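Scroll down for the structure; my scribbles are underneath it.
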Amino acid sequence: MDNLIQTNRYFSYINNLTKYSVGNSDQQILDRYSKVKTYLDTLSLDKRKNAVGFDIYIWLFEMFGTESSKWSQALSSNYGDGFQEQVFLLKNPSTALITNTAFNVNFSKLVNDRASLSVLNGIQLDLFEHLLKDEFTGWDYNVVTKQQAEAAEAGPFDFISLYSFDVVHNPEVVKSYYQMLNPGGVLLISFMNDNGNVYENGAEYSPYTEICEQLKSIDGSLLYHDYTTIGTSVAIKM
Amino acid sequence: MSYDAQKDLDYIEYNISYFMNIIGMNPENLNSTTIDELVESARTMAIVTSARPSEVNTFTSGDNSQDAVLSYHSEPDYLYLRSQRIHLLSSIRRFWYLRQVALGALNRG
């Protein structure tokens, strides 16, 4: 708990220095995530440690959808949204593909309103459409299946936002997403720090490092990494 | 267009099948396989990385002092196997979880 207080103090100072559009309020996150959590509870998911381990992708709605959870008070989660929005607005894309529709409804709406939106098929999209979409009106998007994306059979896009979880099972497929970019396009990947392991001894063996190596190996690519919060990598197609 | 649960499930099961092949299981048995069996098979792929400190002396010529164990834990072979093991298990568990949620969507209709 001491670490959380320290982290919150650190990010509260940073939050005081910033102003951004889609920052989800603590209450919004709690309301949305608890709604999703309530639905997921009806599926009788196997949540034993042996079945799920500790995987933030699996536990996210649980962690942030429970009022008493210390995670729901973690300011750093809000701060992390700012970087994604910054990259999106700086790029000002005409076409965009995103994956995190349920995790971040506000960002999805921002992209929907400022670009021609495509959404990756997956449970994020299902949870969004089933539970969260009606919070706003005016949605207009195409759906791209993961099969299409991994064959680079969609796009081209000016901006793609992924989670590492979309590609980490097979780092090579990140090249297909990159391939779907227009020249000058930007590929942003969140949750890239492998719980901090990409900054530690043995990092070279992490598949998260391999995702970066795959992107760096492409002629004409540039790759950047923001190490704050969850770690965000940004590739630019020159 | 909206969420396509069947396409999602196809993608998830393709990936689970891929990992089942890696850990020596038959993907045709997916429907009768449990997550516990998958995890158990995956763990045996790199059992060396879950060795208890008292067991490590096999790899440190009998020296199980803290320094020897720490040194062993810094070896590239150990670090490589540890990373492979962690991410193999993570991928299997994540796809298993995603499969449950996608099946939930399919059953919802």
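If I filter segment B:85-94 down to residues being closer than 15 Å to B:Asp36 by Cβ and buried (at least 22 other Cβ atoms within 10 Å of the Cβ), which single residue comes out as nearest to the other protein chains (Cβ to nearest Cβ)? Walk me through how you get there before you give the answer.
Within segment B:85-94, the first condition is being closer than 15 Å to B:Asp36 by Cβ, and the residues that meet it are B:89, B:92-93.
After this cut, where a residue has to be buried (at least 22 other Cβ atoms within 10 Å of the Cβ) as well, the list is B:92-93.
On the way: B:Ile92: 9, B:Arg93: 5 Å.
Out of the qualifying residues, it is B:Arg93.
With the checklist (1) at pLDDT below 95; (2) surrounded by fewer than 19 Cβ atoms within 10 Å (Cβ to Cβ) in hand, flag the one item A:Pro183 doesn't pass.
That leaves (1) as the condition not met.
Could you grab me the full set of residues in segment A:100-125 that are away from chain B (no Cβ under 11 Å) and either among the hydroxyl-bearing types (Ser, Thr, Tyr) or assigned to a helix (DSSP H, G or I) (or both)?
A:Val105, A:Asn106, A:Phe107, A:Ser108, A:Lys109, A:Leu110, A:Val111, A:Asn112, A:Asp113, A:Arg114, A:Ser116 - these are the residues of segment A:100-125 that are away from chain B (no Cβ under 11 Å) and either among the hydroxyl-bearing types (Ser, Thr, Tyr) or assigned to a helix (DSSP H, G or I) (or both).
Output the residues belonging to segment B:62-84 that are more than 7 Å from chain A (Cβ to nearest Cβ), small (Gly, Ala, Ser) and assigned to a helix (DSSP H, G or I).
B:Ala68, B:Ser71
Kindly evaluate A:Val173 against the criterion of being part of a helix (DSSP H, G or I) and touching a helix residue (DSSP H, G or I) at 6+ places or on another chain (Cβ under 7 Å).
Details: part of a helix (DSSP H, G or I): yes; touching a helix residue (DSSP H, G or I) at 6+ places or on another chain (Cβ under 7 Å): yes.
For A:Val173, the condition - part of a helix (DSSP H, G or I) and touching a helix residue (DSSP H, G or I) at 6+ places or on another chain (Cβ under 7 Å) - is met.
Give me the residue from segment B:1-17 that is more than 7 Å from chain A (Cβ to nearest Cβ), farther than 16 Å from B:Asn107 by Cα and not hydrophobic (A, V, I, L, M, F, W, C) and, out of that set, surrounded by the fewest Cβ atoms within 10 Å (Cβ to Cβ).
By that ranking, first place goes to B:Tyr14.
Taking the stated definitions as given, is A:Gly155 of a type in the set (Gly, Ala, Ser) and closer than 25 Å to B:Lys7 by Cβ?
On the way: of a type in the set (Gly, Ala, Ser): yes; closer than 25 Å to B:Lys7 by Cβ: yes.
So A:Gly155 fits the description; yes.
With under 30 Å from B:Glu75 (Cβ atoms) and within 13 Å of chain B (Cβ to nearest Cβ) as the only criterion, which of A:Ser206, A:Ser217 stands out? Break it down stepwise before answering.
Numbers: A:Ser217 fails: within 13 Å of chain B (Cβ to nearest Cβ).
Unique residue meeting the criteria: A:Ser206.
Restricting the search to segment A:168-203, which residues are of a type in the set (A, V, I, L, M), within 11 Å of another protein chain (Cβ to nearest Cβ) and under 18 Å from A:Lys146 (Cβ atoms)?
So the first thing to find is which residues in segment A:168-203 are of a type in the set (A, V, I, L, M), and the list is A:168, A:173-174, A:180-181, A:186-189, A:192, A:198, A:203.
Applying the additional criterion that residues be within 11 Å of another protein chain (Cβ to nearest Cβ) yields A:168, A:173, A:198, A:203.
Passing the criteria: A:Val168, A:Val173.
Condition test on A:Phe128, is it within 14 Å of chain B (Cβ to nearest Cβ), part of a helix (DSSP H, G or I) and over 28 Å from A:Met238 (Cβ atoms)? First the steps, then the outcome.
Details: within 14 Å of chain B (Cβ to nearest Cβ): yes; part of a helix (DSSP H, G or I): yes; over 28 Å from A:Met238 (Cβ atoms): yes.
Against the criterion (within 14 Å of chain B (Cβ to nearest Cβ), part of a helix (DSSP H, G or I) and over 28 Å from A:Met238 (Cβ atoms)), A:Phe128 qualifies.
Would you mind finding the one in B:Ile35, B:Ile12 that is within 24 Å of A:Lys47 (Cα to Cα), under 13 Å from the mean Cα position of the chain (by Cα), modelled with pLDDT of 85 or more and among the β-branched types (Val, Ile, Thr)? Step through it out loud before you land on a result.
Working: B:Ile12 fails: under 13 Å from the mean Cα position of the chain (by Cα).
Result: B:Ile35 is the single residue among B:Ile35, B:Ile12 that is within 24 Å of A:Lys47 (Cα to Cα), under 13 Å from the mean Cα position of the chain (by Cα), modelled with pLDDT of 85 or more and among the β-branched types (Val, Ile, Thr).
Within the group A:Phe159, A:Phe165, which residue is surrounded by 20 or more Cβ atoms within 10 Å (Cβ to Cβ), touching a Lys or Arg at 6+ places or on another chain (Cβ under 8 Å) and part of a strand (DSSP E or B)? Spell out how you get there, then give the answer.
Details: A:Phe165 fails: part of a strand (DSSP E or B).
Every option except A:Phe159 fails the conditions.
Being small (Gly, Ala, Ser) and under 15 Å from B:Tyr11 (Cβ atoms) is the filter; apply it to segment A:153-181 and report the residue that is farthest from the chain's Cα centre (by Cα). Let's see the steps before the verdict.
First, pick out the residues of segment A:153-181 that are small (Gly, Ala, Ser): A:154-155, A:161, A:164, A:176.
Now drop any that are not under 15 Å from B:Tyr11 (Cβ atoms), which leaves A:154, A:176.
Details: A:Ala154: 20, A:Ser176: 18 Å.
Among them, the one singled out is A:Ala154.
State all residues of segment A:113-155 that are under 15 Å from A:Gly185 (Cα atoms) and either at pLDDT below 95 or in contact with a helix residue (DSSP H, G or I) (Cβ under 9 Å, 6 or more places away or on another chain) (or both); if no residue qualifies, say none.
Of everything in segment A:113-155, those that are under 15 Å from A:Gly185 (Cα atoms) and either at pLDDT below 95 or in contact with a helix residue (DSSP H, G or I) (Cβ under 9 Å, 6 or more places away or on another chain) (or both) turn out to be A:Ala115, A:Leu117, A:Ala152, A:Ala154, A:Gly155.
Of the residues that sit in segment A:13-38 and are within 14 Å of chain B (Cβ to nearest Cβ) and buried (at least 16 other Cβ atoms within 10 Å of the Cβ), which one is nearest to A:Asp126 (Cα to Cα)? Let's see the steps before the verdict.
Filtering segment A:13-38 down to residues within 14 Å of chain B (Cβ to nearest Cβ) leaves A:36-38.
If we keep only those that are buried (at least 16 other Cβ atoms within 10 Å of the Cβ) too, we end up with A:36-37.
Numbers: A:Val36: 11, A:Lys37: 14 Å.
The qualifying residue nearest to A:Asp126 (Cα to Cα) is A:Val36.
For segment A:141-156, how many residues are away from every other protein chain (no Cβ under 11 Å), in contact with a Leu (Cβ under 8 Å, 6 or more places away or on another chain) and surrounded by fewer than 18 Cβ atoms within 10 Å (Cβ to Cβ)? It would help to see each step written out before you state the result.
Keep residues of segment A:141-156 that are away from every other protein chain (no Cβ under 11 Å), which gives A:151-156.
Still in the running and in contact with a Leu (Cβ under 8 Å, 6 or more places away or on another chain): A:154-156.
If we keep only those that are surrounded by fewer than 18 Cβ atoms within 10 Å (Cβ to Cβ) as well, we get A:156.
Residues meeting the conditions: 1.
Taking A:Gly138 as the residue in question, decide whether it is over 25 Å from A:Arg32 (Cα atoms) and out of contact with any Leu (no Cβ under 6 Å at 6 or more places or on another chain). Quick ask: steps written out before the conclusion?
On the way: over 25 Å from A:Arg32 (Cα atoms): no; out of contact with any Leu (no Cβ under 6 Å at 6 or more places or on another chain): yes.
Spelling it out, it is not the case that A:Gly138 is over 25 Å from A:Arg32 (Cα atoms) and out of contact with any Leu (no Cβ under 6 Å at 6 or more places or on another chain).
The values are calculated or read from the model by the stated rules, or taken from the named source; none is laboratory data. Here the structure is a predicted model, which means the values were calculated and not measured. Counting neighbours? That spans all protein chains shown, and the Cβs are built from the backbone with ideal geometry, glycine included.
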